[in-house]
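Okay, so here's the structure we're looking at.
The values are calculated or read from the model by the stated rules, or taken from the named source; none is laboratory data. Fair warning: this is a prediction, and the values are worked out from it, not measured in the lab. Note: ideal-geometry Cβ built from the backbone for every residue, glycine included; neighbour counts use all protein chains shown.
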Amino acid sequence: MPKTHPHAEATYRVIPLEDGSFGVEVSIPENFPTTVKPFATEADAEAWITEHRERVQSENQAGRWFTRSSGNRRR
């Protein structure tokens, strides 16, 4: 069974924050939602969602999301 990126099935929702900025609630099946913040405008938050979805799709297709970066290797 091919592995998929953990965020491949994520849902995103722009939420207004108390200070007037915006956050993006990211919900991944079988996990608690998390909020990415702050974004100055709702448009900035929407742009982040678009970029994140594209990055996840690209990494999923390339199979790169599960590789360890050189900075995480034990010596």
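Overview of results
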{"read-out": "Flag for V36 being modelled with pLDDT of 70 or more and touching a helix residue (DSSP H, G or I) at 6+ places or on another chain (Cβ under 9 Å)", "value": "yes"}
{"read-out": "E9 of a type in the set (D, E) and modelled with pLDDT under 95", "value": "yes"}
{"read-out": "Selected residue (criterion: surrounded by the most Cβ atoms within 10 Å (Cβ to Cβ)) from residues of the range 12-33 that are under 19 Å from E59 (Cβ atoms) and at pLDDT below 95", "value": "I28"}
